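For reference, the structure is listed below as structure tokens.
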Amino acid sequence: MADEVKIDKHAFHDHLAQLVTAWKHDKRSNDALFGGVGSMIILMGRAEESGFQKKNAMHFWLLGYEFPATLMVFTTEALYIVTTAKKAKHLEPLKGGKVPLEILVRGKDPEQNAKQFEKCLDLIKGAGKKVGTIAKDNSTGPFVDEWKAAFSEISKEVEEVDISTALSSAALAVKDENELRSMRNASRACTGLLTEYFVEEMSQILDEEKQVMHDQLASKVENKIDDPKFFSSLKSKLPADFDASQMDWVYGPVIQSGGSYDMKLTATCDSKPLHAGTIIAGLGLRYKSYNSIVARTYMVDPNDSQESNYKLLMTVHETIIKEAKEGVVINELYKKALGIIQSKKPELEKHFVKNAGGGIGLEIRDVTLSINAKNNRTLQDGMTLCISSGFSDIENPKPQDKQSRTYSLLISDTIRIRRDQEPANFTGSAASDLGSTSFFFKDDEGEEEEPAPKTKFKKDPKVGAVATGNITKTKLRAERATQINDGAEARRKEHQKELAHQKQESGLKQYSEATGNQNGVAQKKFKTFSSYKRDDQFPSRVKDLIVVVDVKASTIVLPIMGRPVPFHINTIKNASKSDEGDFAYLRINFLSPGQGVGRKDDQPFQDPSAHFVRSLTLRSKDADRMQDIAQQITDLRKNAVRREQEKKQLEDVVEQDKLIEIRNRKLNKLENIFVRPAMDGKRTTGEVEVHHNGLRYHDNRGNVIDVLFGNIKHLFFQPSQHELIVIIHIHLKNPIMIGKKKAKDVQFYREATDMQFDETGNRKRKHRYGDEEEFEQEQQERRQRALLDKEFKNFADKVATAAGDEIGGVDVPFRELGFNGVPNRSSVLCQPATDCLVQLTEPPFMVLTLDEIETVHLERVQFGLKNFDMVCVFKDFHRPPVHINTIPMESLEGVKDWLDSVNIQYSEGPVNLNWGTIMKTITADPHQFFVDGGWSFLSIESDDEDEEDEEEESAFEMSESDLAVSDESSEDESEFDEEASADEGDASLDDESGGPDWDELENQAKKKDRQGGLEDEDSGKKKRR
């Protein structure tokens, strides 16, 4: 084994330098942590010592191994190690670091050994009057006895100071990434053993009512650590380089039930049989010297009191974890836990554990980080804790048997403290909620749900078969839009003014000039890319100084000035080949700032002020090769653009957590269900199941879709009324991958028209003909639809209940408020719901959350048009507005009423606006946009149109005198017309017989205008315009 010892020199010096740096910093800061010690001693005795203490942890932290019979003397200048020759051989390579290392080799000569101890004692005395030691050190052995005898000679000259807390704070408590990785792997192994092996074994024992002892079951779990195949098949996904041989037990497995519980880390299993009541299971593993612990309480047929107490413990446990952040004092965590218990169930305060956990890492329990009411240490980023919340020895008011009279509850998790965010729960994948830890084995066949009593509703005589709101007072379509309730319109306008004022104030507050808020979206950043990191990565053909297209590196290598120069494909705009005379020319254009207009115009550059190569031209007589290179560059560019687009498209797709399946009771499920979008593009039936933390759909081909409750934003149920299908629709917070496509909406449905009932087997059918038979079929279909709606509605309610607070409940669209429109390509029925505006019948689906809408603008609202458009602008100004086009004008008032009722500001205008330009202007400077009036420009346009119409009408108003003059002139004109018609023949013979010319006629007309006052009116109208 000695030849296999390999100490990580880099980690050794990093850790040693970290310790010494913290020590020196503390000396400059009034010695608050190390107590003013000038030297420190870590003494290790014989190898067979039991227990794992600070001294063992320090050996593993520095060396990665435990070196028995070894003395370490630390000063602020160097480290001195006294050990045997065999161990010194492994320590010699560590010399030459930032902190000097001196190794004193012990041999068989007692005098020489004594001189080494004397040197250490001189170092201690020379460093100061205080020496740091580890309190309660129980090291034993001849080496220890010899050192203690030598140290006793100077014990009166120096003062021993306990450095346990200092070593924890400066060395052991805060973990680096490698240490955290080992703890994560240990945690995954723990949770895998607990959830995928112990729970299955325990469930089988309880289900089959076997008599299995605690220690026997613990022994089976303990032996599972030697099965590497088990860990390779875990669902918790251990890394590929996980080495099961480096695991060892540090705690348990401890299995307790039957009223006798010990929640200390020293607990062991007894030989009593497993009792079907309250079962506490805890286990802890060490992987690469780092530990992790997890414990859960499982309850069989719990009563209401037990469930209530467990929910309280869950609240306390989650609060401790949530509040454990950097900068928090440890005793505050314990006080908050007690505060919750005192406020909800003060009688349980005396049953709560005195220590709710402590530090964990190399040590299974770092007592300097114990979570209790007296610990004043402050949490830091990188610390790891084992949070153990529990109630001990609670009296059971409804015991099932003698062993159930008292019970205890315990939940333990290993967490990592993080900066400015909630801790990472390494063992959180082991479900601890009440639904996952409760098992029910009693017969519940008789507990069927009683049908709800039928309520008889009295029919309102005022309401007929048709809703009166849908009856119009006129048959003319053009007049329907004019049927407006003046009082309701006035109230609506007043409310809209209030909403506009609130929107303006909130916009000014959110986008204040001081904050410079750019809507939370960062500007585009330059993406670095490289072709080759070393010269030896160049293709071998570049030595011929030819153009080389390296597809693997996405690079074009060009010969320039006798040297191969690589250009990454992301720097190239395009390439083209042209012929001129005997030569072929290859022109390569590069991307650079200010290249005209286009989508690449806003592309970021690392230094836009630098000099850029716009293009390169290469000449060759080989036209075919030039054509081939141009084609290769074009294909490479297309592939690069396609990869970038695919990456951008999938960047918001999230990888969901693991679905926690229900295995201990009957599942709530819906059968013969189709899903949209269809997997593999094929339409097949399947089942939807409700599990602990989400839904699972699986079809006949084995395809599976998991939807977690935490990723559900809205849950809808749409009945089959006036539709061909009944729907349960899920709108997600983040898209998921279904097959090869990403989807933000998942829909489960069944066809309502394809009812499976016998149309020909009815014996009464032969006696009924015509209308009677059709009427019976309609009644049957109506009943089938009602049953189908009830089945889907009940399932949707069960999903909402299982999800709890993560989903607000089941939302049902209001069909009576719906209106037809074209959100995509075809005209569909858009239906308002409680929190959304939805279209769930035809894909692509539309789900607009009302809380996310900033304002709505109605376009093409003008007299004579049959349709108008609706534009929804979101509070996230970088999100493109959604257009719903071609809404019938008859729905205008209904749309306005609905928008006003849900407190959404709306405006209307006669024309379509260029929303791309508008949103670009807003996002460029949101503060200036609201300073200039915000969304008021939309209502100003419509007001201006009304004013122009009024001005045009008023310009042609005439007084009574004007009307009299116009009547006289019209009579004169009629007389003139009669005379002209009578003499028409003579006038045609004598065209130029002394009549007035055109200039004279024009002057006469002006004179008449002045007499009638029309010229003044015209000039006045021009001035007004």
*asked:* If you roll a 1.4 angstrom probe over the protein chains with everything in place, what fraction of the accessible area of the range 136-198 belongs to carbon and sulfur, to the nearest %?
replied: 46 percent
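Under 14 Å from the Cβ of Ile293, count the other residues' Cβ atoms, weight Lys and Arg +1, Asp and Glu -1, and hand me the total.
So the environment of Ile293 carries a net charge of +3.
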*asked:* Run the simple label-point estimate for Val812 and Glu773 please: 7 Å along Cα→C-beta, distance reported in nm.
replied: 3.6 nm
*Using amide H atoms built 1.01 Å from N in the peptide plane, name the residues 5+ places from Ser907, or on other chains, whose amide H lies under 5 Å from its own.*
Val856, His857, Leu858
*Could you sort His495, His317 by accessible area so the largest value comes first, with the probe set to 1.4 Å?*
His495, His317
*May I ask you to give the solvent-accessible area per residue for the range 1-120, in square angstrom, as obtained with a 1.4 angstrom probe?*
49 Å²
*Obtain the nm distance between the two label points defined at Arg665 and Thr634 by a simple spin-label model: each point lies 7 Å from its Cα along the Cα-to-C-beta direction.*
6.6 nm
*Treat every Asp and Glu Cβ in the range 310-365 as -1 and every Lys and Arg Cβ as +1, leave all other atoms uncharged, and give the resulting dipole magnitude about the Cα centre to the nearest 20 debye.*
200 debye
*Over the range 286-426, calculate the relative contact order: mean separation of alpha carbon pairs under 8 Å at least 6 apart, over the residue count, as a percent.*
31 percent
*How much net charge surrounds Trp147 when only the other residues with a Cβ under 14 Å from the Cβ of Trp147 are counted, with Lys and Arg +1 and Asp and Glu -1?*
0
*Solvent exposure ordering (accessible area, 1.4 Å, most first) of Arg782, Arg181*: Arg782, Arg181
*Given a Förster distance of 51 angstrom, what is the FRET efficiency for Arg419 paired with Val641, based on the Cβ-Cβ distance and rounded to 0.05?*
0.85
*Taking only protein heavy atoms into account and a 1.4 Å probe, give the accessible area per residue of the range 277-390 in Å².*
33 Å²
*Peptide ranges 772-779, 741-748, 786-793, 411-418 listed from the most packed, as the mean C-beta count within 10 angstrom indicates*: 411-418, 741-748, 786-793, 772-779
_Heavy-atom accessible area order for Phe441, Phe60, largest first, 1.4 Å probe_ = Phe441, Phe60
*If you roll a 1.4 Å probe over the range 641-759 with all protein chains in place, what percent of the accessible area is carbon or sulfur?*
44 percent
*With every protein chain in place, what's the accessible area of Tyr585 (1.4 Å probe, Å², nearest 10)?*
60 Å²
_Computed accessible area, Trp915, all protein chains, 1.4 angstrom probe, square angstrom_ = 10 Å²
_Protection proxy ranking of 26-32, 12-18 - average other beta-carbon atoms within 10 Å, highest first_ = 12-18, 26-32
*So, by mean Cβ neighbours within 10 angstrom, what's the order for 252-258, 370-376, 104-110 with the highest one leading?*
252-258, 370-376, 104-110
_Over the range 778-862, with the other protein chains present, what is the accessible area per residue in square angstrom, probe 1.4 angstrom?_
47 Å²
*Please state the relative contact order of the range 56-103 as a whole percent: Cα pairs under 8 Å, 6+ residues apart?*
30 percent
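Computed FRET efficiency, Cβ-Cβ of Asp207 and Ala85, R0 45 Å: what is it to the nearest 0.05?
0.15
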*Simple spin-label model, 7 Å along Cα-to-Cβ: His698 to Val328 in nm?*
3.9 nm
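Which of the residue pairs Lys325/Lys658; Lys311/Lys336; Lys54/Lys136; Lys552/Lys742; Lys713/Lys875; Lys87/Lys175 have a Cα-Cα distance greater than 19 Å in the structure shown? Walk me through the intermediate numbers first.
On the way: Lys325/Lys658 26 Å; Lys311/Lys336 16 Å; Lys54/Lys136 10 Å; Lys552/Lys742 28 Å; Lys713/Lys875 17 Å; Lys87/Lys175 27 Å.
From the list (Lys325/Lys658; Lys311/Lys336; Lys54/Lys136; Lys552/Lys742; Lys713/Lys875; Lys87/Lys175), the Cα-Cα distance tops 19 Å for Lys325/Lys658; Lys552/Lys742; Lys87/Lys175.
Could you give the length gained on full extension between Glu102 and Asn794, defined as 0.36 nm per residue of separation minus the Cα-Cα distance, in nm?
Extra length available between Glu102 and Asn794 comes to 241.5 nm.
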*Length gain on complete extension for the stretch Tyr197 to Glu153, per 0.36 nm per residue less the alpha carbon to alpha carbon distance?*
10.1 nm
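The values are calculated or read from the model by the stated rules, or taken from the named source; none is laboratory data. Here the structure is a predicted model, which means the values were calculated and not measured. With ideal geometry, Cβ positions are generated from the backbone for all residues, glycine too; neighbour counts draw on all protein chains shown. Heavy atoms of the whole protein, side chains included, go into the accessibility calculation; ligands, DNA and RNA do not. Shrake-Rupley method; radii C 1.70, N 1.55, O 1.52, S 1.80 Å.
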